[in-house]
Amino acid sequence: MSESTVSQDVLAAAKRLAERQQLGGASMADIAKEAGITRVTLYRRGETRAAILVALRDELAREERERLLPVLTGPGDARTRLTAAFEVFCAITDERADLMAGLDDPTLNAIYHDPGDDSLTRTEFTAPIVRLLRDGALDGSLRPCADPDETATVLYVQVCETYRHLRREHRWSAKRATDAVLDLALHGLLP
């Protein structure tokens, strides 16, 4: 089994544990129990903790790519498409609110963050933003960024985390939170 190949039952179990904010401290026995299998079965399949986190990251990134593809290839200048992409990120954040809260644990940083200090959000998640920032600099709809990769990390975190906080902690409507987050994120990018 390759590092990112994990059975669907184990992946679903990891998601359920994360949604209950238990994945960070879960042992392999906890994951196996949640999946309805034994720990020995996990090891026999080669499903390690690292492989489970990679598979979870791969699935989350794949879901985002699928939702963003129509936006990235759609009509309009880069600012229009970036606005639509941020709206998609807000919708995904709403759908994953419990999961994202459960993944907000230092032991799970490998899912969203590159390793090391001063790390960026993984390119699996920020590549669409980087593309739109570069497109916007070319078509004049967004100001050029000195470091599109770093700017994409700031924007990804700003949009998703601020949106999630406003929805969960302030109990704002989806529309109100989306409008507020997009307004601030996009105004910093205007030429």
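The values are calculated or read from the model by the stated rules, or taken from the named source; none is laboratory data. Every value quoted in this text rests on a predicted model; they were computed, and no experiment measured them. So basically every Cβ, Gly included, is an ideal-geometry build from the backbone, and we count neighbours across all protein chains shown. Heavy atoms of the whole protein, side chains included, go into the accessibility calculation; ligands, DNA and RNA do not. Shrake-Rupley method; radii C 1.70, N 1.55, O 1.52, S 1.80 Å.
Quick look at the numbers
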{"item": "Hits in region 104-115 - residues which are at pLDDT 90 or above and part of a helix (DSSP H, G or I)", "result": "Ile111"}
{"item": "Among the residues listed as His165, His187, the single one being out of contact with any helix residue (DSSP H, G or I) (no Cβ under 8 Å at 6 or more places or on another chain) and under 27 Å from Asp58 (Cα atoms)", "result": "His165"}
{"item": "Subset of region 116-135 (residues that are open to solvent by less than 70 Å² (accessible area, probe 1.4 Å) and in a loop (DSSP other than H, G, I, E, B))", "result": "Gly116, Ser119, Leu120, Arg122"}
{"item": "Helices (runs of 4 or more DSSP H) within region 19-89 that include 1 or more residues touching a residue at least 60 places away in the same chain (Cβ under 8 Å) and either surrounded by fewer than 17 Cβ atoms within 10 Å (Cβ to Cβ) or aromatic (Phe, Trp, Tyr) (or both)", "result": "49-72"}
{"item": "Residues that are in a helix (DSSP H, G or I) and open to solvent by 80 Å² or more (accessible area, probe 1.4 Å), drawn from region 145-170", "result": "Glu150, Val154, His165, Arg168"}
{"item": "Check on Asp98, more than 12 Å from the chain's Cα centre (by Cα), of a type in the set (D, E, K, R) and part of a helix (DSSP H, G or I)", "result": "yes"}
{"item": "Lone qualifier among Leu142, Leu138, Leu108 - being open to solvent by less than 20 Å² (accessible area, probe 1.4 Å), in contact (Cβ under 8 Å) with a residue 60 or more places away in the chain and more than 20 Å from Lys15 (Cα to Cα)", "result": "Leu142"}
{"item": "Candidate set: region 171-191, residues that are of a type in the set (A, V, I, L, M) and open to solvent by 30 Å² or more (accessible area, probe 1.4 Å); chosen: the one farthest from Asp77 (Cα to Cα)", "result": "Ala174"}
